[in-house]
1. Given points 7 Å out from each Cα along the Cα-Cβ axis, report the Ala54 to Ile74 separation in nanometres with one decimal.
2. Using a 7 Å offset from the Cα along the Cα-to-Cβ direction at both Ala67 and Ile104, what is the distance between the two label points in nm, to one decimal?
3. Taking 0.36 nm per residue of separation and subtracting the Cα-Cα distance, what length does fully extending Leu90 through Asp7 add?
4. Evaluate the range 29-135: find the radius of gyration of its Cα atoms, find its Kirkwood radius, and give the ratio Rg to Rh.
Amino acid sequence: MNIELTDKELRRLLDMVYIGNWILNSTRGTDRIEDYDQVESIILANCAKAGMNALFEIKEGRVIPSAAFENGGIHEAIADYEDTVFFEILAEELARRDMDFEPIGPENFTELTSRIDEYIEEFEQNGMDNISLNK
């Protein structure tokens, strides 16, 4: 299969592949899913053909993202995503706790979403500043 991409589209595809691989493999240690690493290497090899040599390096015969690529802002995008997901999950868990973890159905869904929205608003205004744990 051949896919025709402009240099800009290839660069965006590389970002998406890197982010996807990061999400799938970054917490796996040595138990990485190699198929995703291979796809990332294929996309990086195409960067070489496009003259985007600063985005990759070859290590132990494998094409990998360069330090310049990894330090060029892609992890800020990942961190923004992680922050958003963290606060959304925390808001939902706190809202469910407030509702004694009762099953959610049509009769209490509005209450749940209202509580989630209140927590999200709090986090947007104050971050973690007002969170405390009582033992």
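Laboratory data are not the source of any read-out in this text; all were calculated from the coordinates shown. Model, not experiment: these values are computed from the prediction. Virtual Cβ from ideal backbone geometry, glycine too; neighbours counted across all protein chains shown.
1. So the two model labels end up 1.5 nm from each other.
2. Reported label-point gap for Ala67 and Ile104 is 4.4 nm.
3. Numbers: separation 83, 0.36 × 83 = 29.88 nm, distance 3.92 nm.
Extra length available between Leu90 and Asp7 comes to 26.0 nm.
4. Rounded to two decimals, Rg over Rh is 1.21.
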